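Just so you know, all these numbers are worked out from the coordinates, no wet-lab data involved. Worth saying up front: this structure is predicted, and the values here are computed from it rather than measured. All Cβ positions, glycine included, derive from the backbone under ideal geometry; neighbour counts span all protein chains shown.
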There are 2 protein chains.
Amino acid sequence: MSDTVLLDHGSGGLASRKLLEEVIYSRLGNPALAEGGDSALLAELPPGFRPAFTTDSYVVDPLFFPGGDIGKLAVHGTINDLAMAGAQPLALSLGLILEEGLELETLARIIDSIGTACREAGINIVTGDTKVVPRGKADKIFINTSGIGAVASNCVLSPARIREGDAVLLSGTLGDHGITIMTRQAGMELQGDLQSDTRPLHRLSAALLKKLGGDVHVMRDPTRGGVATVINELLGGGLALEVEETALPVRPQVQAACELLGLEPLYLANEGKMLAVVQGERADEALAVLRSLPEGEEAVILGHIHREEKVRTASLILRTFTGGRRMVAPLQGMALPRIC
Amino acid sequence: MSDTVLLDHGSGGLASRKLLEEVIYSRLGNPALAEGGDSALLAELPPGFRPAFTTDSYVVDPLFFPGGDIGKLAVHGTINDLAMAGAQPLALSLGLILEEGLELETLARIIDSIGTACREAGINIVTGDTKVVPRGKADKIFINTSGIGAVASNCVLSPARIREGDAVLLSGTLGDHGITIMTRQAGMELQGDLQSDTRPLHRLSAALLKKLGGDVHVMRDPTRGGVATVINELLGGGLALEVEETALPVRPQVQAACELLGLEPLYLANEGKMLAVVQGERADEALAVLRSLPEGEEAVILGHIHREEKVRTASLILRTFTGGRRMVAPLQGMALPRIC
């Protein structure tokens, strides 16, 4: 067998089958995937549950970075999109676009990482597809994962449920993933041990829903565009959130990199953080639930939503440490390619 | 708005939203998609049905070809993977990887085509994702579609159900898609009106299952690798299929191109053909069902499965018009990049 990906590996014939069996099935092995049919069949959902469905492509550069790699990201990101909809993930798909010439060792390392991330999250890749494009027509590997989850039919999470007085919680620090990737892309070496926060959030969201039930109004994972973009998308109609700048959880290395590069932590991508809007009186309970799990141990209450008739350009207001108030609009005009 | 795709369109911020609203939602508009959440929520499946799940990435070159384009292919291909599992498609996802500099007009044309294909098939794109990579890091556009379908829990289609005496049917001509793409890639102009056979097969598979029930043993769409690869994957353990070469449905232009290029029609990719293995005595009924729908009007019975102890290298045997017998092994060593 060649030690790089060949065009023939995408032909659908014998070489494709060999690649699947030797590099992929052996690392992700589970009965549904190894059947190799055109579709995977899942178990019937329990009564009172409906399917949630999501998709994400991953084009991150570099492929490997402190705290993770493109494979781990692809598993966690899609799990998190299901989790934020209130769903428990049931199964993932894996679509690979490979560039001719990719080292099979690199591919194997990524598939290993996907396998590990799946096992840790308790979810399987049940169906997949592999395409190969000629050298120079892609950049090593692009990954799509889609996911199916089960969500209780009476679970209604929606921005439309957000009310004045609701509390906004964030499960941990801002921008660890964004700064990790951006500094690598720029060839910068950060001091310390900053790494991507990539992490599955389905246990955290399930714990919050179990405790607060219908008092959870909406959950989001602030990936591309960051917390500022999510808050601005969620709020409108005169609702706004005011946050104390000093209350934002930001690691010192992230803060330092932001100052050096002129970036705003509220725009940075996160890959393992949950933003939850809950009924205001239950904020402390929600905080306790988040902090009870490792993935939420640095959770904070960002603030409570208020009505602000004068809001024009943004629904997120930052109260700076000098006492000023600054509107933080959705991300605009920052080209951040291949952050995830 | 720029008239090409910019890196900023993949940032997750305002430019991303504008692209979604102006180019994508407006063309695919349906409530689930326009909600813009991280996941789409589907209706509960009826009792006695379970979810089928599939994924495919599309990297076809050229993007537009006689009979279709990458968008139409992406809708049909994923519908067909669900249909071949006995499922009725419920919803599709759409993952776009765009190269910086792609003309927005080209993107709009592809999304239009996706919208038309969805409407014709009676299925919606309910969730999506868009990434942008820098110029030279992809080739214009790659598309992933994943799909969810509903399959009756008592529907058991599996190669394990194939028996001696079963009939193998093919719903139409061989290789229309493969030859259409390969001749374009080679810069050849074919005479006549040959075009890709890209087409949704869910109505055909549903009609066959409705009529024959459990006497349908397995269905497959012979895409990459063609009919020969599928037959060889399905059969084993001494089972083989012998086909009269003259009985193979091949259009004259496809036959001519195969002779010119030294290709075997049985290896060519199809994007709108179904191969069905059914209980032998019901072959004529199955043929009548297939021929009753436009997508199956050129259907044929390829032959019946027999036991052949001497089969070694292949399970598909071609009886040539000179009376010889030729083994047709799975596709091997033919690099056919970007055929779908």
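Helix B:252-261 axis versus longest C-alpha principal axis of chain B: approximately 90°, rounded to the nearest ten. Around the Cα centre of segment A:16-129, unit charges on the Cβ atoms of Lys, Arg, Asp and Glu (plus for the first two, minus for the last two) sum to a dipole of about 380 debye. With a Förster radius of 30 Å applied to the C-beta separation of A:ALA329 and A:GLN185, the computed FRET efficiency comes to 0.80. For a paramagnetic label modelled on A:ASP284 (point 7 Å from Cα along Cα→Cβ), amide N atoms under 16 Å away are absent within segment A:185-221. The convex hull defined by the C-alpha atoms of the protein assembly as shown has an orientation-averaged projected area of 29.1 nm². Taking the Cα centre of segment A:159-328 as origin and assigning +1 to Lys and Arg Cβ atoms and -1 to Asp and Glu Cβ atoms, the resulting dipole is close to 380 debye. Rounded, prolate or oblate: which fits segment A:234-326, taking a ≥ b ≥ c as square roots of the Cα gyration tensor eigenvalues, rounded meaning a/c under 1.5, else prolate when a/b beats b/c? Oblate. All C-alpha to C-alpha distances of segment B:7-152, sorted into 5 Å bins beginning at zero, yield P(r) values of 2, 10, 19, 23, 20, 13, 7, 4, 1, 0 percent in whole numbers. Peptides B:282-292, B:321-331, A:78-88, A:167-177, ordered by how many other C-beta atoms sit within 10 Å of their residues on average, highest first, read A:78-88, A:167-177, B:282-292, B:321-331. Helical content alone sets the calculated 222 nm signal of the protein assembly as shown at -8000 deg cm²/dmol, taking -39,500 (n - 2.57) per DSSP H segment of four or more residues and averaging over every residue. Overall shape of segment A:183-340 was characterised from the C-alpha gyration tensor. The equivalent ellipsoid obtained from it has semi-axes of 25, 21, 14 Å, in decreasing order.
With no solvent and one point per C-alpha, what does the Debye sum give as log10 I(q)/I(0) for segment B:92-194 at q = 0.20 Å⁻¹? Listed by q, the Debye log ratios stand at -1.18. Mean per-residue shielding of peptide A:143-152 is 5, counting Cβ atoms of other chains within 10 Å of each Cβ.
Beta-bridge orientation, the protein assembly as shown: approximately 75 percent antiparallel, per DSSP, counting only bridges with both partners inside. Annotation: the antiparallel percentage among DSSP beta bridges lying fully within chain A is about 75.
Distances between equivalent label points of A:GLU309 across the copies, with each point positioned 7 Å along Cα→Cβ, amount to 9.5 nm, shortest listed first.
With the label put 7 angstrom out from Cα along the Cα-to-Cβ vector, B:GLY192 ends up 6.9 nm from the copy partners, going from closest to farthest. In summary, the aspartates and glutamates within cross-link reach of A:LYS211, defined as a Cα separation below 20 angstrom excluding same-chain residues under 8 places away, comprise A:ASP166, A:ASP221, A:GLU281, A:ASP284, A:GLU285, A:GLU295, A:GLU297, A:GLU298. What do you get for the angle between helix B:104-121 and the principal long axis of chain B? Use alpha-carbon atoms, 0 to 90 degrees, nearest ten. Once rounded, the angle reads 50 degrees.
Note on chain B: dipole from Cβ charges, positive end direction compared against B:ALA15, B:SER171, B:GLN253; the farthest Cα belongs to B:SER171. If you take every residue apart from B:GLU100 with its C-beta less than 9 Å away from the C-beta of B:GLU100, what net charge results, scoring Lys and Arg +1 and Asp and Glu -1? It works out to a net charge of +1.
With a threshold of 20 Å on the Cα-Cα distance, the over-threshold entries among A:LYS18/B:LYS131; B:LYS18/B:LYS131; A:LYS72/A:LYS273; A:LYS137/B:LYS140; B:LYS18/B:LYS137 are A:LYS18/B:LYS131; B:LYS18/B:LYS137.
The angle between the Cα long axis of helix B:176-185 and the longest principal axis of the Cα atoms of chain B comes to about 60 degrees, rounded to the nearest 10. Ignoring aspartates and glutamates fewer than eight residues from A:LYS310 along the same chain, the ones with Cα atoms less than 17 angstrom from its Cα are A:GLU164, A:GLU242. Fewest neighbouring Cβ atoms within 10 Å first, the residues B:LEU41, B:LEU96 line up as B:LEU41, B:LEU96. Label-point spacing at A:GLY165 relative to the other copies reads 7.4 nm, in ascending order, each point sitting 7 Å out from Cα along Cα→Cβ.
Taking every Cα-Cα distance in chain A and sorting them into 10 Å bins starting at zero, the pair-distance distribution P(r) comes out as 6, 25, 31, 23, 12, 4, 0 percent.
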